[in-house]
Amino acid sequence: MDDEAISIDTLKADLKNLRSLNRYLGSYSLVRSFLYRWFGDRSRLRRQTLVTILDLCTGYGDIPRLIADWFNSRSIAVSITAIDAQPKTLAVAKEQSESYPEIEYIHSDVFGFLQAKVFDYVFCSLALHHFAESDAVRLLKLAKSTARRGVLFADLERTDLAILGVDFITATIFRQPVTRFDARLSIRRAFSFSEMRQLAQAAGWQAFGHARFFACRQAIWLESKGR
């Protein structure tokens, strides 16, 4: 999907498939668990009239839309900035988000953008494995300095069982060539549980959370005291 020569129709089909994988294989429930963790008690937000969130490498924009729906259903004001370096992908995300005025999409490299502004929370879902180890560490450092209250990096966990599972799913259900290629490459590029922890430590994260989640997902996070 990162191929600039990919047709828009093929890209849209692949992004919809990836959205389905996110929805049914744990990524949505993982993000929701942190929304409940950080915002489930509305009394914590009494002094904050607007929550600002940055979503890195937003892709299809389904995570920002999920977050916006969660906040809107609870009448909590939110402003979400979603960035991605792929212009075609961002165009599709914007098209799918026309009814979400609280989401602003920006075409930008993550490293340049992270030095420009501060947000309450920074989210990054299923993107860290696209970066080389040194760049992943750099990204974690910048995200930490960009967030006032919390950071969440959710990703795949590379295991032999996960590789077999993705190979099976893309051989039987999600058989489209681009989706099959992307999914199989992603799980093989993903960090193991111990590697993910080492990345956070190398980035200078302290007192951070790290846990496994449903369907070969893992997450590392930082949060302000009292959260």
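Derivation of every value follows stated rules applied to the coordinates shown; laboratory data play no part. Here the structure is a predicted model, which is why all the values come from computation and not from measurement. Counting neighbours? That spans all protein chains shown, and the Cβs are built from the backbone with ideal geometry, glycine included.
Points worth noting:
- Spin-label model, Gln206/Val118: points 7 Å from Cα along the beta carbon direction are separated by 1.9 nm.
- Paramagnetic label zone (point 7 Å from Cα along Cα-to-C-beta, Tyr24; backbone N under 14 Å) in segment 173-192: 173-176
- Rounded Å value of the spacing that divides the Cα centres of segment 191-227 and segment 98-169: 12 Å
- Ordered from longest to shortest, the equivalent ellipsoid semi-axes for segment 170-227 are 31, 13, 9 Å, each the square root of 5 times a Cα gyration tensor eigenvalue.
- In range of the label at Ala85: residues from segment 106-131 whose backbone nitrogen is under 11 Å from the point 7 Å along Cα→Cβ: 108-113, 130-131
- Fraction of the pair-distance distribution of the chain above 28 Å, Cα-Cα pairs, percent: 26 percent
- Note that segment 83-89 has calculated 3J(HN,Hα) couplings of 10, 7, 8, 9, x, 5, 5 Hz, one per residue in order, obtained from phi through the Karplus relation 6.51 cos²θ - 1.76 cosθ + 1.60 (θ = phi - 60°); glycine and proline are x.
- In a simple Cβ point-charge model (Lys, Arg +1; Asp, Glu -1; nothing else charged), the chain has a dipole of about 1000 debye relative to its Cα centre.
- For a straight C-alpha distance cut-off of 25 angstrom, the lysines reachable from Lys141 (same-chain residues fewer than eight places away being disregarded) are Lys117, Lys225.
- The ellipsoid that matches the Cα gyration tensor of segment 65-123 has semi-axes, each √(5λ) in whole angstrom, of 21, 16, 7, with the longest given first.
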